[in-house]
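Have a look at the structure below before the remarks.
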Amino acid sequence: MKNIGTSQQREGGARHVPMAGAAAGAVPVQITAEGRTRHEVARLLLERGPLSAVAVADELGISPTAVRRHLDALLADGEAEARGAPRGGPRGRGRPAKQFLLTEPGRARFGHAYDDLAVAAIRFLAEHAGEDAVRAFAERRVAALVEPHREEINRAAGPEGRAEALAAALTREGYAASARQVGVVDKTSGAGVAGAQLCQHHCPVAHVAAEFPQLCEAETEAFAELLGTHVQRLATIARGDAACTTHVPASSAGHPAATEPGSTQPSPDAHIAWPDEGRDAVSANGGQPA
């Protein structure tokens, strides 16, 4: 639901709010409405980015001029970056359209505590116990993440329904996840198969996963097992993309999912046909496997 109100109403005054991640009983920190609005702009980029300034303004119910001021501040602080918007047709005269998304420092607003400690601990584990121990740790971690939600996810019908249930579960765990329907076309046969695109717009362990991809690999395999179909990881925040994006193919009578048995990767002849909004969500790599 959009936030309604004039930019003057939303950007005037101040209020006291608890600091994110602060312990219970901590003294509230005074946050001005200017800072609160900037945080809302950052939150929208986190959950929905990349977005244009006009799209952010429309969602928050404030003027594009006010949004651009906050975006300029986020850019100046290194918390956001601008990219050229995908071309949806002939472009008119004027400045090229831009979209904005958060950088790693910008994501730190939403909880990247203890990253350095975690990296140091896993480095120690790798050095003294080997890569197999790191892999076992990654598998144990993702199992602890998804197991509490297994029964709920299994009640959903089909891979697409389970992908939506998994997105809801991941959102409750802090991953700001969503699922949308997409299409898959086999380039050899021309057969079309429905599927789902699972997007995690936030990753609390992205900084750690950038050095230890075993975390992403274990997560992908756990998703495949939980959803009952082979999946393909298309993009990851740890690799610099706007979201962790996983394609979940659907199987139907006469239309098997475009994957090889026993693998989480698609067959070489499979091509993902993204709708425009899905392509935007996949981010910088244009929908190719990360």
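Output the qualifying pairs, or none if there are none: Cβ atoms under 6 angstrom, residues six or more apart or on different chains, first residue in region 36-57 and on the phi < 0 side of the Ramachandran plot and in contact (Cβ under 8 Å) with a residue 24 or more places away in the chain, second residue among the small types (Gly, Ala, Ser) and crowded, with 22+ Cβ neighbours inside 10 Å.
GLY49/ALA242; PRO50/ALA242
All but one of (1) under 28 Å from GLU173 (Cα atoms); (2) at pLDDT 85 or above hold for ASP115, so report the exception by its number.
Result: ASP115 passes all but (2).
Any residue that is at pLDDT below 90 and crowded, with 18+ Cβ neighbours inside 10 Å - is there at least one of those in region 23-35?
No, region 23-35 has no match at all.
Does any residue of region 173-188 turn out to be at pLDDT 90 or above, among the aliphatic types (A, V, I, L, M), at positive phi and touching a helix residue (DSSP H, G or I) at 6+ places or on another chain (Cβ under 8 Å)?
Yes.
For region 36-85, which residues satisfy the criterion of being in a loop (DSSP other than H, G, I, E, B) and of a type outside the set (D, E, K, R)?
Selection gives GLY49, PRO50, SER52, GLY61, ILE62, SER63, GLY78, ALA85.
The values are calculated or read from the model by the stated rules, or taken from the named source; none is laboratory data. Keep in mind that this is a model prediction, so the values were computed, not measured. Virtual Cβ from ideal backbone geometry, glycine too; neighbours counted across all protein chains shown.
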